[in-house]
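The values are calculated or read from the model by the stated rules, or taken from the named source; none is laboratory data. Computed from a prediction, not measured in an experiment: that's the story for all the values here. Methodologically, a virtual Cβ is constructed for each residue, glycine included, from the backbone with ideal geometry; neighbour enumeration extends over all protein chains shown. Just so you know, the surface numbers come from the protein's heavy atoms only, side chains and all, with ligands and any DNA or RNA stripped out. Shrake-Rupley method; radii C 1.70, N 1.55, O 1.52, S 1.80 Å.
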There are 4 protein chains.
Amino acid sequence: MLNSKWFLEVSTPKEVNLHALEGVLYSSVSKYQKVEILKLASFGTALVLDGKIQSAEYDEFIYHEALIQPALITSTDPKKVLIAGGGEGASVRETLKHPSIQSVSMVDLDKEVVDICKKHLTSWHQGAFDDSKVDVYYEDARGFIKESTDTFDVIILDLPEPEETGPAVNLYTSDFYEEVFEKLGPDGIVVTQATSVAVNNIGTYTTIFNSLKSVFPLVRGYWVSVPSFYTPWGFVFASKGADPLLLDKNTIGKKIAALTKKLRFYDHETHNGIFSLPKYLREAIDKETRINTDASPISFY
Amino acid sequence: MLNSKWFLEVSTPKEVNLHALEGVLYSSVSKYQKVEILKLASFGTALVLDGKIQSAEYDEFIYHEALIQPALITSTDPKKVLIAGGGEGASVRETLKHPSIQSVSMVDLDKEVVDICKKHLTSWHQGAFDDSKVDVYYEDARGFIKESTDTFDVIILDLPEPEETGPAVNLYTSDFYEEVFEKLGPDGIVVTQATSVAVNNIGTYTTIFNSLKSVFPLVRGYWVSVPSFYTPWGFVFASKGADPLLLDKNTIGKKIAALTKKLRFYDHETHNGIFSLPKYLREAIDKETRINTDASPISFY
Amino acid sequence: MLNSKWFLEVSTPKEVNLHALEGVLYSSVSKYQKVEILKLASFGTALVLDGKIQSAEYDEFIYHEALIQPALITSTDPKKVLIAGGGEGASVRETLKHPSIQSVSMVDLDKEVVDICKKHLTSWHQGAFDDSKVDVYYEDARGFIKESTDTFDVIILDLPEPEETGPAVNLYTSDFYEEVFEKLGPDGIVVTQATSVAVNNIGTYTTIFNSLKSVFPLVRGYWVSVPSFYTPWGFVFASKGADPLLLDKNTIGKKIAALTKKLRFYDHETHNGIFSLPKYLREAIDKETRINTDASPISFY
Amino acid sequence: MLNSKWFLEVSTPKEVNLHALEGVLYSSVSKYQKVEILKLASFGTALVLDGKIQSAEYDEFIYHEALIQPALITSTDPKKVLIAGGGEGASVRETLKHPSIQSVSMVDLDKEVVDICKKHLTSWHQGAFDDSKVDVYYEDARGFIKESTDTFDVIILDLPEPEETGPAVNLYTSDFYEEVFEKLGPDGIVVTQATSVAVNNIGTYTTIFNSLKSVFPLVRGYWVSVPSFYTPWGFVFASKGADPLLLDKNTIGKKIAALTKKLRFYDHETHNGIFSLPKYLREAIDKETRINTDASPISFY
């Protein structure tokens, strides 16, 4: 007998996934989006925004370690970090593992989502929101960055996908990346989540990569497999010079040993794996010529 | 308006996927299984056996290069190759790219499937079945290997998953791997496809790994992301001593340059990526103690 | 944006329905079956057993009035009623509307289901279980009827479908109907729910009809449309002589006027409608020759 | 193992149905809509427009006899019939069974659909399009009726549902019904298909009923169950005086006996059944006060 209750996720108009649903922990509509906390048979508790899984209990550690650790391990001595998005609090959690951190600023548009995550996703944030080094701002990330008088060692872009009608469409343009560049310190690093790198759907990733490359002197792609996302997931690392490919086993090992809490996904071998892109992906990046700009936004879907 | 025609794939009792269906190229029931050739909006033409995608036009190159090339590149001078399963002919295609090859024996239970693939999946096999070096046998792979008087340089196990009621349940046991060991030459290598390595569903992979380790002196795990599989996919490489981790960039580059046809997925950087397992996967392999045997088969699902 | 949460109902292996799911009020597995109380967007609260809707808030009145009222209105002076199945309590509720009723015996296999219904389906039973005329027995209906020393004016069979592996398979045989016949008074009536009467799936209904006809002198078919069932639904009325087709408008009107509570579905015009079967259904009944017996049970699915 | 290929029908945003798909006979996009001819396991060949079943092989006889026969049997001597919509040709087929018919005018917007039906749905039209009494016009039905200089004995409205953005939204208004009234002869009858009469979704039907009642002196509702529609289906009959409720068994029997071809669904008992509405439906009709007009169209969904 097939399960009776399902969470239906319209991944694309051509791919629809049904996840067996064990319970509904929360469901409402915030000012910006539909917010659900669902208990899924395969992936545990999951945060679902506008019908799409943002992260899930069993594998969020893969996504969040991959989003945060390569940048913070590559950074020589990260003190000030800005996180755009990341309402679950897991990006803040990963950042706080680094003993050098002095302040984490998190900017998320939707206070309701953050409040719900604080309540329901305790295994994600693990109390990170209560740390005195952490300040949370509820506003548009682009405006916040533009008006900030601070500079940051690392900026993390943990944003919704660049859908034309979505709230994050102008957070993937070269114009925005220039504004990010200006607020980074001399050794500054930015990492953005960068959607799927599936071979049949690779153009969004390569355009984000290329748009960062039009602004930053050093850009590196990497990727992971987060099972609940159902598709290989890309990130782009960009910096004023710091290069994750120059890190050796020893350096990574020492830095990880100094962390205040353990990692489950990331270490030296993982680092080598995720920065070694398959041939077709490197070729697609090399061939990409599009740059996403405010004036000529690219329609990805 | 959502698409009207869908291919529904019950990946597990807890995960069901709908793929937009553009057309039905073939559909029937063979002596052993339901056989369909479907045209999917996201993945192109796909071979579907008993309701599960075996391989799809847009990404089969990832799966088949990953299955074949690490073993054949690692092998010093592969002349005789045995492929168990692999009805699409793409494993044979990849094998024939190596100029040293003198014979390829393919053993597949289901002649009907092979005949249908010959007709409908020309971009898979690319005429490989017509090569005079290739012999195809329609019988049970285990029996064939046991009774074979030949020895092989490389044996490829491209088999259905080890479901308890499926035809391949006894093709993942240490008893079978011992029979394989006996038919390998002194530098022999075996590679098996080894199901999902998703963090929430990792026990089948680690048991296959451990069962090979109980027989072979050298065992290495590697993995890829095949988008149409929806989950990261594992392979296990086992040998009498040959080690893919010892290959350097130069050696891999020279061997690839000597191939008679190009590769799209595999090269030195890809090789490094796929053999660099994430930390949680290495830990799961290390902790695994189960061995799958004929006498005490493990129930994976 | 399509709804995210769905109740998936496998109506047949060829028809699967997704109902938007607003909440999960109860979910567990009893000794006999999976029991769920779900809140459905289209039909309100619903009782779901083993993945199939039993009755739903918005239209259960159609099903239960149709199940109970034709028999009780046709019966001259019904005093003692037996209901087999009917855990929701709505069949008891409808029965108690008749002022002549002196006792209602309800026999349901699954005490857990009845307890859950008492708690969650108050708009169904409306306190009927508390009425002093009502006795509930938790046992197999066939055994209960066989061993009963009582006789009844009306017996209502509100049972699961006659699936081969289901608990009700032997509650649709002529042998059982003979046992029912023996426990009916001289003017006795039995009504059974009798599955779909859809033109493409009509054989179960006509066989149940014919099996009753092999035992009872008078048999009448009728049917209703219960939207949450997605298919026209059949009932069979059988008696030792009482005939619903002989009731005139006046008689029905007077009897309804005497009820202690109102009806929403059933009245004289409804009565005429539901007993007027479409031509193809009457022809299918006339052509049916099968009789379902304990010794030669008919495989309906 | 669940079927692999499915036709997914979004009946409403809250109800989605999956029908096992055996084959795709035709699929394209016409000037007006997506047109598919699908082979469904449960219902045989089906015409699907914009993702919704229009009629299906196994039960189209119910829908088309119900649409045509009550009007033509009630009409004293029908000679000239106009059918708006009805691209399958089955409405024409039913009309031509009446020996008194001298001309049938069919008006359908989409010539491509009619051409596809002519080719693929031969069991629907049974050659009706070739009858010399039949003329087919490819244009908007409302314009055709307004500009027609003819009068008709019976007008049949076999139209898409009155969705706000659909092509038929203004073919359910009282303004249109006035234009229809003017083109009917002194004993004229109009019948329209009138969407679902499910108790949880009854407002569209009652508004169509009431809109006709604002124009015609005599209006009668009736309904049938067409299994492939998954919901009870309503029709409204309106006339300048002719009344189907006054027909007796004898009259209906004689008229049916005179038809040139047999009926499977409709006869005297069926007639009584379909015109006997359940109590809640009559009450809903009585309570309805809305009238759908060109100036103030009612939003049904």
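One line per residue, one yes/no per condition, for (1) within 29 Å of A:Thr251 (Cβ to Cβ); (2) within 13 Å of another protein chain (Cβ to nearest Cβ); (3) surrounded by fewer than 22 Cβ atoms within 10 Å (Cβ to Cβ):
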position	(1), (2), (3)
A:Asn17	no, yes, yes
A:Ser28	no, yes, yes
A:Tyr63	yes, yes, no
A:Lys79	yes, no, yes
A:Leu82	yes, no, no
A:Ala90	yes, no, no
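Regarding the stretch D:249-271, can at least one residue be identified that is facing chain C (nearest Cβ under 9 Å), open to solvent by less than 10 Å² (accessible area, probe 1.4 Å), assigned to a helix (DSSP H, G or I) and not polar (S, T, N, Q)?
Yes, there is a match, as at least one residue in the stretch D:249-271 is facing chain C (nearest Cβ under 9 Å), open to solvent by less than 10 Å² (accessible area, probe 1.4 Å), assigned to a helix (DSSP H, G or I) and not polar (S, T, N, Q).
Looking at (1) modelled with pLDDT under 95; (2) surrounded by fewer than 20 Cβ atoms within 10 Å (Cβ to Cβ), which is the only condition C:Tyr230 fails?
(2)
Have a look at A:Val136, A:Val199, A:Val114 and point out the one that is of a type in the set (A, V, I, L, M) and under 16 Å from the mean Cα position of the chain (by Cα).
Result: A:Val114 is the single residue among A:Val136, A:Val199, A:Val114 that is of a type in the set (A, V, I, L, M) and under 16 Å from the mean Cα position of the chain (by Cα).
Collect the residues in the stretch A:211-239 that are more than 14 Å from chain B (Cβ to nearest Cβ) and assigned to a loop (DSSP other than H, G, I, E, B), keeping them in residue-number order.
Within the stretch A:211-239, A:Ser214, A:Val215, A:Phe216, A:Pro217 qualify.
Can you pull out the residues in the stretch A:82-91 that are within 12 Å of A:Leu157 (Cα to Cα) and in a helix (DSSP H, G or I)?
Step one: filter the stretch A:82-91 for residues within 12 Å of A:Leu157 (Cα to Cα), giving A:82-87, A:91.
Once the filter is applied, which keeps residues that are within 12 Å of A:Leu157 (Cα to Cα) and in a helix (DSSP H, G or I), the stretch A:82-91 yields only A:Ser91.
Spot the failing condition for B:Asp59; the list is (1) facing another protein chain (nearest Cβ under 7 Å); (2) open to solvent by 10 Å² or more (accessible area, probe 1.4 Å), and only one is missed.
Condition (2) is where B:Asp59 drops out.
Tell me yes or no: at least one residue of the stretch D:76-96 is in contact (Cβ under 8 Å) with a residue 60 or more places away in the chain, more than 17 Å from D:Asp131 (Cα to Cα) and polar (S, T, N, Q).
Checked against the condition, which is being in contact (Cβ under 8 Å) with a residue 60 or more places away in the chain, more than 17 Å from D:Asp131 (Cα to Cα) and polar (S, T, N, Q), the stretch D:76-96 yields at least one hit.
Against the definition (closer than 26 Å to C:Tyr280 by Cα, modelled with pLDDT of 95 or more and charged (D, E, K, R)), how does C:Arg220 come out, yes or no?
Details: closer than 26 Å to C:Tyr280 by Cα: yes; modelled with pLDDT of 95 or more: yes; charged (D, E, K, R): yes.
In short, yes.
Which of (1) out of contact with any Leu (no Cβ under 6 Å at 6 or more places or on another chain); (2) at pLDDT below 95; (3) more than 24 Å from C:Asn201 (Cβ to Cβ) does D:Asn3 not meet, given it meets every other one?
Single failed check for D:Asn3: (3).
List the residue pairs whose Cβ atoms are under 7 Å apart, where the first residue sits in the stretch D:1-15 and is facing another protein chain (nearest Cβ under 7 Å) and more than 17 Å from C:Trp6 (Cβ to Cβ), the second is open to solvent by 40 Å² or more (accessible area, probe 1.4 Å) and not in a strand (DSSP E or B), and the two are 6 or more positions apart or on different chains.
D:Met1/B:Asp50; D:Asn3/C:Pro13; D:Asn3/C:Lys14
Could you tell me whether the stretch A:32-51 includes any residue that is assigned to a strand (DSSP E or B), open to solvent by 10 Å² or more (accessible area, probe 1.4 Å), within 14 Å of another protein chain (Cβ to nearest Cβ) and in contact with a helix residue (DSSP H, G or I) (Cβ under 9 Å, 6 or more places away or on another chain)?
Among the residues of the stretch A:32-51, at least one is assigned to a strand (DSSP E or B), open to solvent by 10 Å² or more (accessible area, probe 1.4 Å), within 14 Å of another protein chain (Cβ to nearest Cβ) and in contact with a helix residue (DSSP H, G or I) (Cβ under 9 Å, 6 or more places away or on another chain), which makes the answer yes.
Just to be sure before I move on: is D:Ala284 open to solvent by less than 50 Å² (accessible area, probe 1.4 Å), assigned to a loop (DSSP other than H, G, I, E, B) and farther than 24 Å from D:Ala128 by Cβ in the structure I sent?
No, not satisfied.
Checking A:Leu8 against (1) in contact with a strand residue (DSSP E or B) (Cβ under 7 Å, 6 or more places away or on another chain); (2) farther than 24 Å from B:His19 by Cα, which test does it fail?
(2)
Would you confirm whether any residue within the stretch B:197-211 is in contact with a helix residue (DSSP H, G or I) (Cβ under 9 Å, 6 or more places away or on another chain), more than 30 Å from A:Tyr63 (Cα to Cα) and assigned by TED's automatic domain parsing to the domain that holds B:Lys261?
Narrowing the stretch B:197-211 to residues in contact with a helix residue (DSSP H, G or I) (Cβ under 9 Å, 6 or more places away or on another chain): B:197-203, B:205-206, B:209-211.
Okay, now just the ones that are also more than 30 Å from A:Tyr63 (Cα to Cα), so B:211.
From the residues that got through so far, the ones that are assigned by TED's automatic domain parsing to the domain that holds B:Lys261 too are B:211.
Yes, the conditions are met somewhere in the stretch B:197-211.
Among the numbered criteria (1) within 18 Å of C:Asp187 (Cβ to Cβ); (2) open to solvent by 30 Å² or more (accessible area, probe 1.4 Å); (3) touching a residue at least 60 places away in the same chain (Cβ under 8 Å), which single criterion is violated by C:Phe237?
So C:Phe237 meets the others, but not (2).
It is to be established whether one or more residues within the stretch A:203-212 are surrounded by fewer than 22 Cβ atoms within 10 Å (Cβ to Cβ) and over 25 Å from A:Ser11 (Cβ atoms).
no
Could we say that D:Glu22 is more than 17 Å from B:Lys5 (Cα to Cα), within 14 Å of chain C (Cβ to nearest Cβ), touching a strand residue (DSSP E or B) at 6+ places or on another chain (Cβ under 7 Å) and open to solvent by 20 Å² or more (accessible area, probe 1.4 Å) here?
The answer is no for D:Glu22.
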